[in-house]
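To start, the structure itself, in C-alpha cells.
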Amino acid sequence: MALSFAKKTPAANVAAQASAAASTPTQVSKTALAASNVVAPSWMKKGAEAKAYLAKEEAKAEERKAEAGKLWRYYIKPESEGQITFLDGALDAANDLDIFMFYEHRIRLNGEWENFICTAEADQSQPCPICESGDRSALVGVMTVIDHKAHVIQNGKNAGKTIQNTRKLFVAKRHTIDLLRKLAVKRGGLAGCTFDVMRGNEKSPSVGENFDFVQKFTNLGEIVAKYEMKPEDVQPANYGEEIRFRTPEELIVLGAGKAVATHAGATKAASKSLSDEL
C-alpha cells in the first residue's frame, strides 16, 4: 500500500499561526467587553428602569422592617368562632362609643392583601393615589382586644408554636361598629367586656358578626390575674405607632397607588431619594 506523507509547514508559517492563535483570545475578550447594544427581553430592565426597580424593592424592604414586631389584626376564619376581651371602648359624655376612626384602603399588593390609610383626609393638597387607582376607602374604627383563642404559628422562626391570650388590633367597618355601639351602651362601655364571637361565611366581617356577652372585668388587674399576663400586655395599643401612615409619594413608590400627573415630579423625587440610599 502506498504511503502518503504530510508536507512540512515552513517555520515562518508556524510562527505566524502561533502568533494569530495567541492574539485571538485577547481580541475576543476586548470585543465582548465593548459590546453594549445587546438586545434583551422586555422583562429585563437596565438604566433608569432598573433603578426604579431597585427603589421599589428598597421601599418594600423598609416596609417589612417597619411592620416587624407590630400587633397583628384580629381575624376570625369563616364558619368559626372565638373569644375576645376589649381593653378599651369607653362611652363619652353623650353615652356614645368613644374610639378612634379613620378611612382605610384594603388592596392586593404583590399577591397579598394589605391595608393602607387613605391620605385624602390628612393631605388635602393632593389626591390619594389609591383613590386615584379606582379603589374606594372604607371608614373603620379601631380598638384593642385580647384574643383568647389558641393559635398555632404557621410561618417564620416560631412556626409550630402555640400562642394564646394575645393582644391584637380590632379594626372593624361601620356596620360592626354600630353593632358594638349598642352593646357598649348596654354594658356601660366595652372596656373589660368578654364576648364569644362568631363569623358566618366569607362575606361576613373578618372580625365576626355575632357577639355573645360572657362577662365584664372591673379593672385590668383582674385580666392579668385570670390569664397570668403581664401588665403591659393588657394595655390599649398606641395606635399612632401600630398603624402607620404613608405619604402619597411613599404609596406610589410601593406600587400601592396611581401617580397623579401634577405630582409626577414629587414622585420622581421620592424614587430618586430611595435609589440614592442603595
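Computed values, structure above
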quantity: Over segment 77-233 - Rg/Rh using Cα atoms and the Kirkwood inverse-distance radius; calculated: 1.00
quantity: Which of Ser206, Ser80, Ser125 has the fewest Cβ neighbours within 10 Å, and the rest in rising order; calculated: Ser125, Ser80, Ser206
quantity: Kirkwood estimate for segment 122-162, i.e. one over the average of 1/r between Cα atoms, Å; calculated: 14.7 Å
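Every read-out reported here was derived from the displayed coordinates using simple, explicitly stated rules and does not represent laboratory data. Fair warning: this is a prediction, and the values are worked out from it, not measured in the lab. For neighbour counting, all protein chains shown are included, and Cβ atoms are generated from backbone atoms with ideal geometry for every residue, glycine included.
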